[in-house]
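Read the structure below first, then the notes.
The values are calculated or read from the model by the stated rules, or taken from the named source; none is laboratory data. No experiment lies behind these values; they were computed from the predicted model shown. Neighbour counts are summed over all protein chains in view; Cβ atoms, including those assigned to glycine, are modelled from backbone coordinates with ideal geometry. Each accessible area value is taken on the protein alone, full model and side chains, heavy atoms only, with ligands, DNA and RNA left out. Shrake-Rupley method; radii C 1.70, N 1.55, O 1.52, S 1.80 Å.
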Amino acid sequence: MNLYNYLTLVRGYINYILTAIIVVCSFSLPAFSQSTNFKTTLKALVVDESNSPLANATVMINGKNVGTTDAKGQFNISIPKNGTFSLRISSIGKKILTDKISSNELAGGTKVFMLQEQINTLEAIEILGLSKVDEVNKQSFNVTALDATKLHNTSMDVGQLINRVSGVRVRESGGMGSQTAISLNGFTGNQVKLFLDGLPIDNYGSSFQINNIPINYINQIEVYKGVVPVWLGGDALGGAINLVKNTKAGNFIDASYSLGSFNTHRANVNLGYIAKNGFTVELNAYKNYSKNNYWVDINVVPDIETGVTVADRVRRFHDQYDNQMLGLNVGLSNKKWADQFLVGLQLGDNHADIQTGNRMDDVFGARFREGTIVLPSVYYKKDNFLIEGLDLSLRGSFNLGKEKNVDTVYRQFNWYGESIPKGRNSWDAGGEVSKELYTYKNNNGNAALNVKYAINPTNTLYLNNTFTSNNRKGENILQPDNDFYKQPKKLQKNITGLALGNADIKHMVNQIFVKYYAQHVHAYQVNNSIYSNYEDQQNMLGYGLASSYALDNNSQIKFSYEKTYRMPTVDELFGDVINLTANPQLKPESSHNFNLNINHTFLWNEKNALAVGVDGIYRQAKDFIRYVNSASNNNGNMTQMAQNQRDVNNLGGDLEIHYAYDQRFNIRGSLTYQNLRNNTKYETSTTDVSIFYKDRLPNIPYLFGHGDISYEWRNVLFPNSSLKVGTYVYYVHDYFLRWPSAGTTSTKETIPEQLSYDASIVYSFAHGKYNIGIDGRNLTDALLYDNYMLQKPSRNFSVKFRYTISK
Amino acid sequence: MNLKFYTKIAFLGIAISSLSACSKSKDDSAPIVNGSGEKFVFVAYSDGTAGEAANYIITADDLSKGEISIKNNGVETSAYSFLVQNNTLFGITYANYGPTQAFKLNSTGKMEKAGTQVNTEFTGAYTPINNDAYVGVSLSGGIENPEATLYKYDAKNFKVSLRKPFSLDLFKTGEFANYNAVKEIGDKLYMPLNSATGITGKSTAYIDSAWIAVFDKSTLAYKKLIRDGRIGSIGNWFGMQGVEKISTGDVYAWSTSGNALNKALTPKNHSGIIKINPSTDEVDKTYFFDVEAASGHKIARGTYLKEGKFLMTMYQTSEVGGVSGGIVNLAIIDVINKTYTAVNGIPNHAQMPYDNKTYVDSQGNIAYYVMKNNEGNFYVYKVDVDKATAMQGARFIGVSNITAISKLTY
């Protein structure tokens, strides 16, 4: 080799070494770069939009990656003097920042670089604020899920929120704590089943009803109309409502207090804590109190002796409601053998004065009822239980609480709160209606086992078994020797459901299921003054399917069907002490339920979203259980008997529209039409076709709707705050109390058209940590009735303060 | 046409109308001419179950034929008990405080509400008294509180004018008294009773006695208890019948002497009629009409016609109904002459609940009786008292019971 070649070779090696050094230098920590070859130091601090330091942000200079920011968001690097260089800083979720820096600019101080939030194009679901409930709403069932967390700053109760779902009517007979019934597509009372986290709660007694549960207690409400998935095990003829409790993972406190008209106070505390070792504590406590002394327009009897009535406007005077609840769940989370294992105890009680009977002119001044809840419970959940892909959960509870009905004041009251003695005997000889001091326990137990098994990525098997037991034991202190009260009244109900979900066909989700209902009732029968045991067993097989097809990302069409049953209750089969006679031949109610839903979401200009949903429903129901006057007497009281008396058809639909702009402005509206028709061709009394055949069913609203408008301002007064203002309107078209075809129309008793307005203002600051909400209800002070002539509260206001923090 | 012609027409018109007025006072069965000032008033209970059905007050002119329907016809009311006083129909709701609403025929013969609702008592029995009032009885408090309240209702001014509680612990046997009716008997009120234990499922031990409690009509004060051991209890629960004063001034009372629920508890006494002297409130021990022996049937219900004659429904089989039930047919029973005459022209039918639905004309010659036949259809029958015959008349559509029949004028 000659000299030239040798030098080239050496130069090559030197280049290689130098490059290596440079490469090594450039990949090493900043500390190593602080070579005395570079003359100036760039001190950088990288922050986000709220001035919080950004750790691990990548810094590149002149296209070369020179390191990342430390935990304090700081970055130091030496740079060449007398030069400009390009700077590029990036961090996940943030917009990339690029800048050209001249070394002369650096005065030696720290230069702050702020990275902006990366704005992704929002999905329509996010603009509409439905992300949390989207997964439930997309199921193949006719289901509406509501996000209750959005309303945690209002002083609503759960019933008022359920009332905003199309097809649902929550009918209250007064203010806080009054009797409430849910109607779903015209099916009411026992035909609609209520669940809390998948466990039936229809027998929890008076202390835990939907119109005394505060909205902060739950996260989400799911309303299944007509076709109920197997994981809600119940004989729900009309549908099921599942309340999903407020269980945030992690640690949180949510405390609120609200004060409102009619001396109404509500307080609520929810606490959650999960320690590092998995120890979990959940606390839920609330208290409701109201005097319910709202104004009513009524015919008063100023002189009880003559009975003459005069129209007047008075305050309710005996309607106080007092209710408290404390629930504690303790256990472990995230263990190898359990995702969650919680043992809980719920304690509560309530006292409700009874102001009226079924009519408002039936006024009382002393009757009341009380109830307690003593509810131990257990919850176990494990995903991948024993086998991979097998998720299992088990929930159980037992209510040891009591109910008490008291009527011991022998006086007649009027609406001014005045009273006169009823007879000659002492003041406690009788009652306002009839003397009663009846205490009873339902001894209600519930257990639900849910198993979900993923056979393969597109096929899932669901198994549910829900068991309910009731053992009514009562005592009438006034008739301790009456054997009637000592007779057993036991009911055991077991519902097993098996479903297969399949997603093999593209864009389609299908599910078929069967349910087996078994009910065993053990009570007594009276024959010629001799009591004998009577047992009844009824088993039914129900089935159904649910299918959905996603036309595109924003459209879905769903179809579902179920043959469903409602088992008769103990009272319907065997009567009660006062005025219900037995009918052991009673059959379950049954129905074929069909649903067809189409929904579509429009999105334009990245900020406007419009969701439109159209639902069609068809129900063909048989053997509705109704009470008939049985023309017999029980020591001078007219008695009634339950009979399978009514066949019903319902063809109806509802329309729901929701428009949102930029997650700030929302307009919602829904309209429900349900055409419930009497399908019983012959009434028991005649061989001719009944004149009420095909008549609309009495006392059920058939056209109703609601709408609301709301707007949110951000960063008002303080940063990280929001001011939301909204107004709500409810509408129910008038309907008849009895058969529309019976009698001259102008003389008929009707529930008049209902139109009412609510408004709400909520101000939150410090990222929702502190909140103040003001609600106004029935702003026009209209006379509102859900049930014939039982007036609901007049215009009322409330203010709520809420503090919430979570980690 | 000239004035003379018109005058002739006018005279003719007057003559005809006076003729019809004359004939009206003699024979009420003549067809009612439209707008003549009176209507039959029915209260019909519609088909349907407890929450769906209600009473509808309908009017009719002609009961001899055709159909009377409540389809889009009738004044809807939640009242359950009805009585007529002072040309007004009073409807009492079977509920706490017994809200009472009055109804009248307006000038065109249409039924409408008169006045506002008035609170009374939870009413279990009632009867018109004098010509401007009625008396009602509140439900008893059961065995724990065996008392009830009598009240007087002013049917002219629409208000309760008097209330008087009274004890139902009248037998001193440990059982208490249930009442079946209350009737105006001269200046007193007679209240037939039956004995009850007050404990559900436990029957009374006293089945071979008839009792009547006597009250003073003006003060509503309790006077005495009448008892007779030859028949069972008088009347039936919520029946408003069982004792009546006839044209001679004497009082007669009748009993089914049966037990629908428990054959083993059937009284040994026969179904029959006893006589009571209203001035002494004592039973005439010499009089007993053993109707069961005379006819082979037990009495179900009875309505007074004229001259000691009663229109009674008689159980045709050994099955005796309670508040309702049992197969019956009509008979005319003369308590003075102790005769029994079966009525022809009406088939056997089920006893209507509580009481017979009967309207007797002012002379007592014609009675209108509503029944439900074996096909389940309701008909009104016109009964000729003297001939003891019945003829089928109009049919009711859409009803499950006829609660009351009466006649009002306008």
Exercise for review: For the range A:252-806, give the percent of accessible area contributed by carbon and sulfur heavy atoms, probe 1.4 Å, rounded to a whole number.
Suggested key: 58 percent
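Quick one: what do you get for the range A:342-413 if you divide its Cα Rg by 2.2 N^0.38 Å?
Values: Rg = 21.5 Å, N = 72, 2.2 N^0.38 = 11.2 Å.
Compared with the compact-globule rule of thumb, the range A:342-413 sits at 1.92.
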Exercise for review: Against the globular-protein guess of 2.2 N^0.38 Å, express the Cα radius of gyration of chain B as a ratio, rounded to two decimals.
Suggested key: 1.01
Practice item. Name the residues whose placed amide hydrogens come within less than 5 Å of the amide hydrogen of B:Lys188, ignoring near sequence neighbours (fewer than 5 apart) on the same chain. Key: B:Lys217
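So with the 1.4 Å probe, I'd like the accessible area per residue for the protein assembly as shown, rounded to whole Å².
Value for the protein assembly as shown: 42 Å² per residue.
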Check your understanding: How compact and how long is the range A:34-114, expressed as Rg and Dmax of its alpha-carbon atoms in Å?
Key -> 12.1, 37
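Residue by residue through B:394-406, how many Cβ atoms from other chains fall within 10 Å of the Cβ on average? Display every interim value, and only then the final one.
Numbers: counts 0, 1, 1, 4, 11, 5, 6, 3, 0, 0, 0, 0, 0.
Neighbouring Cβ atoms belonging to other protein chains average 2 per residue here.
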Practice item. Could you list the square roots of 5 times each eigenvalue of the Cα gyration tensor of the range A:399-497, that is, the equivalent ellipsoid semi-axes, sorted largest first and rounded to whole Å? Key: 49, 18, 8
**Study point:** Shielding by partners, peptide A:304-313 (average Cβ within 10 angstrom, other chains)
**Key:** 6
Review point. Leaving out same-chain residues fewer than 8 places away, which aspartates and glutamates sit with a Cα under 12 Å from that of A:Lys769?
Key: A:Asp254
**Study point:** Whichever aspartates and glutamates have a C-alpha closer than 12 Å to that of B:Lys113, once near sequence neighbours (fewer than 8 apart) are set aside
**Key:** B:Glu76
**Study point:** Spatially near lysine pairs across the range A:309-457, Cα under 21 Å, sequence gap of 8 or more or different chains
**Key:** 13
**Study point:** Angle between chain A longest axis and helix A:3-27 axis [Cα atoms, degrees, rounded to 10]
**Key:** 30 degrees
Check your understanding: From the backbone phi of the range A:90-105, what are the Karplus-calculated ³J(HN,Hα) couplings (6.51 cos²θ - 1.76 cosθ + 1.60, θ = phi - 60°) in whole Hz, Gly and Pro given as x?
Key -> 9, 8, 4, x, 10, 6, 5, 9, 10, 7, 10, 10, 9, 5, 6, 5
Check your understanding: If each of B:Lys263 and B:Lys156 carries a label point 7 Å out from its Cα toward its Cβ, how far apart are those two points in nm?
Key -> 5.6 nm
Check your understanding: If we restrict to alpha carbons, what Rg and Dmax does the range B:155-306 come to, in Å?
Key -> 15.6, 50
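Provide the net charge surrounding A:Asp786, with neighbours chosen by a C-beta distance below 11 Å and charges set as Lys +1, Arg +1, Asp -1, Glu -1.
Numbers: positive: A:Arg169, A:Arg171, A:Lys792; negative: A:Glu172.
Value of the local net charge: +2.
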**Study point:** 3J(HN,Hα) from dihedral phi, the range A:342-357, Karplus parametrisation 6.51/-1.76/1.60, rounded to Hz, x for glycine, proline
**Key:** 10, 10, x, 9, 10, 10, x, 8, 8, 10, 10, 6, 9, 8, 9, x
Study note, to complete from the structure: Net charge near A:Gly278 (other residues with Cβ under 12 Å of its Cβ; Lys, Arg +1; Asp, Glu -1) is +2
Practice item. Report ³J(HN,Hα) in whole Hz for each residue of the range B:272-287, in order, from the Karplus equation J = 6.51 cos²θ - 1.76 cosθ + 1.60 where θ = phi - 60°; Gly and Pro get x. Key: x, 10, 10, 10, 10, 8, x, 7, 9, 6, 10, 6, 7, 5, 7, 9
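For an R0 of 25 angstrom, estimate the FRET efficiency from the Cβ-Cβ distance between A:Asn554 and A:Phe665 and round to the nearest 0.05. The partial results should precede the final answer.
Numbers: r = 20 Å, r/R0 = 0.80.
So the FRET efficiency works out to roughly 0.80.
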**Study point:** Residues with amide H under 5 Å from that of A:Met114, placed H, sequence gap 5 or more
**Key:** A:Val47
Point to revise | Normalised per residue, the volume of the convex hull around the Cα set of the range A:252-806 (Å³) | key: 210 Å³
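Rounded to the nearest percent, how much of the accessible area of the range A:34-114 (1.4 Å probe, protein heavy atoms only) is carbon and sulfur?
Values: 2250 of 4770 Å².
The value for the range A:34-114 is 47 percent carbon and sulfur by accessible area.
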Study note, to complete from the structure: Expressed in Å to one decimal, the Kirkwood Rh of the range A:651-712 from all distinct alpha-carbon pairs is 14.7 Å
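What whole-number volume per residue, in cubic angstrom, does the convex hull of the C-alpha atoms of the protein assembly as shown give? List each step's numbers first, then the result.
Numbers: hull volume 292.9 nm³, N = 1217.
For the protein assembly as shown, the hull spanned by Cα atoms encloses 241 Å³ per residue.
So, with +1 on the Cβ of K and R and -1 on the Cβ of D and E, and no other charges, what is the size of the charge dipole of the range A:252-806 about its Cα centre, to the nearest 20 debye? Working shown, then result.
Details: 56 positive and 54 negative charges, 228 e Å.
That gives the range A:252-806 a dipole magnitude of about 1100 debye.
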**Study point:** Proximal lysine pairs, the range A:511-629, alpha carbons under 18 Å, eight or more residues apart or interchain
**Key:** 5
Check your understanding: Ratio of Rg to Rh for the range A:124-245, alpha carbon only, Kirkwood?
Key -> 0.94
Revision key, fill the gap. Pseudo-spin-label distance B:Thr219 to B:Thr339, built 7 Å along Cα→Cβ, given in nm, is 4.4 nm
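Nearest 100 Å², what total accessible surface is buried between chain B and chain A (probe 1.4 Å)?
On the way: alone 18270 and 38770 Å², together 51690 Å².
Buried area (both sides, nearest 100 Å²): 5400 Å².
Net charge within 11 Å of A:Asp197 by Cβ-Cβ distance, Lys/Arg positive one each and Asp/Glu negative one each, not counting A:Asp197 itself? If you can, show how the numbers build up before the last one.
Working: positive: A:Lys245, A:Lys381, A:Arg395; negative: A:Glu222.
Every neighbour counted, the sum reads +2.
Applying a 10 Å radius around every beta-carbon, put B:98-106, B:263-271 in order of their mean neighbour count, most first.
On the way: B:98-106: 20.6, B:263-271: 15.9.
Result, highest mean Cβ count within 10 Å first: B:98-106, B:263-271.
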Review point. In chain B, carbon and sulfur make up what percent of the accessible area (probe 1.4 Å)?
Key: 53 percent
Exercise for review: Name the long-range amide H neighbours of B:Asn72: under 5 Å, sequence gap of 5 or more, or other chain; modelled H, no Pro or chain starts.
Suggested key: A:Ala742, A:Gly743
Practice item. With label points built 7 Å along Cα→Cβ from the Cα atoms of A:Lys769 and A:Leu651, find their separation and express it in nm. Key: 5.9 nm
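For chain A, what does -39500 (n - 2.57) per DSSP helix run (n ≥ 4), summed and divided by total residues, give at 222 nm, in deg cm²/dmol to the nearest 500? Before the final figure, lay out each step's value.
Working: 6 runs with 50 residues, N = 807.
Helix-only estimate at 222 nm: -1500 deg cm²/dmol.
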